[in-house]
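Below is one structure, written out as structure tokens; the observations come after it.
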Amino acid sequence: MNKTLSFSLIVPVYNRPDEVQELLESLSQQTDKAFEVLIIEDGSSIPCKSVCEKFSDKINIVYHFKANSGPGPSRNFGMEKANGNYFIIFDSDCLIPPHYIANVRKALTTDYVDCFGGPDAAHASFSNTQKSINYVMTSFYTTGGIRGGNEALGKFQPRSFNMGISKAVFETVGGYGKIHPGEDPDLSFRIWNAGYKTKLIKDAFVYHKRRIDLRKFSKQVYKFGVVRVILNKWHPGTSKITYWFPTLFSLGFMVLIINGMSIPIFGFLACAYVLLLFADCLIKTKSLSIALGALMAAFIQFYSYGWGFLKAQWIINVLKKDERKALPEFFFK
């Protein structure tokens, strides 16, 4: 690619000034500071404008306040206002390692692509619960590596907490839709349909704080299960049998419990999987507490996602209801 890359970092925020403080502090420590930051305040009642002003002499930062419309339209708003030719999207609950921008610039200069995503990791300062959830959300054994753990599993679908798209892509596909969650895979599918490619940049990782406890995590992954069915309807060629696995796992596990583990082979496989998950997390985190928490988080993930997926299948594919009318809480007006 001959064109010089100029980066605009887009961050939507809603009532999270403390998170913005930490994010901007991490951005001020970048080894490559050739970028602008656009903070898009999405109708917050607790604004972060004063926080942004503290960093005006450290980084090129622009603050915008707008009426509440959800994260997708807020990102679109930021890209419309940006001066760069390549947009990088972060969530406000991310911490950015010092070499992030340098790594992205190097990767895109060497092998340009119009859309990329990066993995997320757990920072040392995160709570054990956050680290357990991070393991479950990123492990090959729980998600198949679709969130950046394994770039070999088909096309990589970038996630909007750590995602980059060129200005050309934004102008072609129109940015994010008004569904939430699920606006990022929806965008990826439309980018592919427009003839552009996506890729994983493994060195472009962020520390994603995930401001959630296990109860909020359950609610979050339930929503992921629901929107996956909606996305399968919108983009028929993207449906995969693996999307049924959490539902089948949950139903199979309940059958084992009801039958008192009376199906030996299934019981053996379930125990082997639990031991594998525990051992892998223990080796990677070197923490018994995190590994035990990961087992609980994994079962919550499978059950909640599986239930959301099954419920949405019934509503959309059996009852044939319109998703926007039957599930209005997943759409912004």
* Alpha carbon centre of the range 270-293 versus the range 25-85: separation in Å? -> 38 Å
* Among the chymotrypsin sites (Phe, Trp or Tyr not before Pro) within the range 102-137, which fall in a DSSP loop and have no more than 16 other Cβ atoms within 10 Å of their own Cβ? -> TYR112
* Length gain on complete extension for the stretch LYS202 to PHE245, per 0.36 nm per residue less the alpha carbon to alpha carbon distance? -> 12.9 nm
* Return THR129, THR242 ranked ascending by Cβ neighbour count within 10 Å, so the fewest neighbours appear first. => THR242, THR129
* Asked: Leaving out same-chain residues fewer than 8 places away, which lysines sit with a Cα under 19 Å from that of LYS197?
  -> LYS3, LYS106, LYS155, LYS167
* Estimated FRET transfer efficiency when R0 is 45 angstrom, pair PHE331-PHE268 (beta carbons, to 0.05) -> 0.55
* Asked: Counting pairs of alpha carbon atoms under 8 Å apart in space and at least six apart in sequence, what relative contact order in percent does the chain give?
  -> 19 percent
* Calculate how large, on average over all directions, the projected area of the Cα convex hull of the chain is; give the answer in nm² to one decimal. => 17.7 nm²
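Using the alpha carbons of the range 187-305, what is the convex hull volume per residue in cubic angstrom, as a whole number?
In the range 187-305, the Cα hull volume divided by residue count equals 157 Å³.
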* **Sites VAL255 and SER50 - FRET efficiency at Förster radius 35 Å, r taken between beta-carbons, to 0.05** => 0.05
* Neighbouring Cβ atoms within 10 Å as the yardstick, rank MET137, MET254 fewest first. => MET254, MET137
* May I ask for the equivalent-ellipsoid semi-axes of the range 1-112, computed as the square root of five times each C-alpha gyration tensor eigenvalue and listed largest first in whole Å? => 24, 16, 11
* **Student exercise, the chain dipole from Lys, Arg, Asp, Glu Cβ charges, in Debye to nearest 20** => 680 debye
* To do: Pop out the Kirkwood hydrodynamic radius of the range 151-257 from its pairwise C-alpha distances, inverse of mean 1/r, in Å to one decimal.
  => 15.9 Å
* **Least to most buried among LEU327, LEU24, LEU292 (fewest other Cβ within 10 Å first)** => LEU292, LEU327, LEU24
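Read-outs: derived from the displayed coordinates by stated rules, not from any lab. Bear in mind that the values here come from a model prediction, so they are computed numbers and not experimental data. We place every Cβ from the backbone using ideal geometry, glycine too, and count neighbours over all the protein chains shown.
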